[in-house]
Amino acid sequence: MSFIENPKTYTGHDLETIFFRPMLAGPSAQELGVRILYNMPTPTTVQLWEAQSNVLQKYSSAGWSGGTAATKAQKTIALERVKAELGFAAADYFSMVYELIVGRSDVNLDDLSGTELEAAETELFKRAIGEGIRATMWVGDTSIEEGFNTFNGFLTLMSQYIEGGAVTPYHYAATLLENPEGAVELFDQVWEQADERLKDLKSEGQLAMFVTSDIYHLYEKYLDSKGAESAYTELVNGRPALAYHGIPIIDLHISSYLKESLLPQSLCLLTDRRNLVLAVNTADFPGTEVRMWYNPDLMENRQRATFMAGCEILDERIVSLAQIRA
């Protein structure tokens, strides 16, 4: 059997195909619920075009009357150099990796190859990196000393827009959420107070309400209270996804992280998914790699990843935000 302490280093194409692209493409990317830009040129710049709203003119005479060109805006996503590091005692680490292997019927535990161990070890680290990116994407704050401080997340960026006057949040008392109907009232008010440009995007099917877990659970209780047979079935079997008037409701699953921050503890954010952009780069940063090795002095398995990441809200005008005051 190969030893788990064999060092492994992933760079270049292997770094992309084995580690990051599986996390940032396909179903994994869809679970994040936002727009993802992977390995775009640095600095990562997004072009925003506003087409002419009325190009039709009377056909009364010859000549050119095309008017002005479409308005173009440009936004640069600030990417920060980040690293992820994990260290496990050799015994604990070995058991954790084995746990990912023993559940598979096609593995012979008496003859584990180095490839089997490497795949399990890689999966363990990928999960940790993926959750770190997801959490920082929402609650990251570079101004704090500890915690998720590698790059500013969407909620921190939103706070900056609020301070600058570009976004006006709507505050509601906590009593609004004392009854299940409060979730529906909150969704209604977030929609009614949204900019008309945001409402017009509903037909494109990319709108979503991002909510904290308490609001999500309250809406589930509201649906459970309905007397229909489908409500009973969903109460027993659960619901794979929730929606309100065709707009998906996405549970952010960040309540435990919010408790350790100064950000609002309960909120509902309505916007277009494409308006929230996460950018990750593993190509333009010298020294970008994933390394796994065994430290014999401390009898510790160590893992390290270095890359660049950042996120941005492209257009603060198509955002409707409600915060619940304690």
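The values are calculated or read from the model by the stated rules, or taken from the named source; none is laboratory data. The model shown is predicted, which means the values in this text are computed figures rather than measured ones. As a convention, Cβ positions derive from the backbone with ideal geometry for all residues, glycine included, and neighbour counts pool all protein chains shown. Side chains included, ligands, DNA and RNA excluded: accessible areas come from the protein's heavy atoms. Shrake-Rupley method; radii C 1.70, N 1.55, O 1.52, S 1.80 Å.
For Lys58, list the lysines whose Cα falls under 27 Å from its own Cα; do not include residues on the same chain fewer than 8 positions away.
Within the straight-line limit of under 27 Å, Lys58 reaches these lysines: Lys72.
Under the classification rounded if a/c is under 1.5, otherwise prolate if a/b is larger than b/c and oblate if not, where does the range 118-166 fall, given a ≥ b ≥ c as square roots of the Cα gyration tensor eigenvalues? Could the numbers behind the result be given before it?
Working: a/c = 6.05, a/b = 2.86, b/c = 2.11.
Prolate, because a/c is 1.5 or more and a/b exceeds b/c.
Could you do me a favour and compute the accessible area per residue for the range 188-324, 1.4 Å probe, result in Å²?
Value for the range 188-324: 47 Å² per residue.
Charges on Cβ only, +1 for Lys and Arg, -1 for Asp and Glu, centred on the Cα centroid of the range 265-315; of Met299, Leu278, Ile313, which one is farthest towards the dipole's positive end?
Farthest towards the positive pole: Met299.
Summarise the accessible area of the range 232-326 (1.4 Å probe, protein heavy atoms) by the percent that is carbon and sulfur. Before the final figure, lay out the partial values.
Values: 2340 of 4400 Å².
C and S atoms contribute 53 percent here.
Go through Lys8/Lys126; Lys75/Lys259; Lys202/Lys226 and tell me which ones have a Cα-Cα distance over 20 Å in this structure. It would help to have the intermediate numbers written out before the result.
Details: Lys8/Lys126 14 Å; Lys75/Lys259 31 Å; Lys202/Lys226 26 Å.
Long pairs (Cα-Cα over 20 Å): Lys75/Lys259; Lys202/Lys226.
Quick one: ranking Ser320, Ser203 by accessible area, 1.4 Å probe, largest first, what do you get?
On the way: Ser320 0, Ser203 110 Å².
Result, largest first: Ser203, Ser320.
Got a number for carbon plus sulfur as a percent of the range 126-199's accessible area, 1.4 Å probe?
Numbers: 1660 of 3570 Å².
Carbon with sulfur: 47 percent of the solvent-accessible area.
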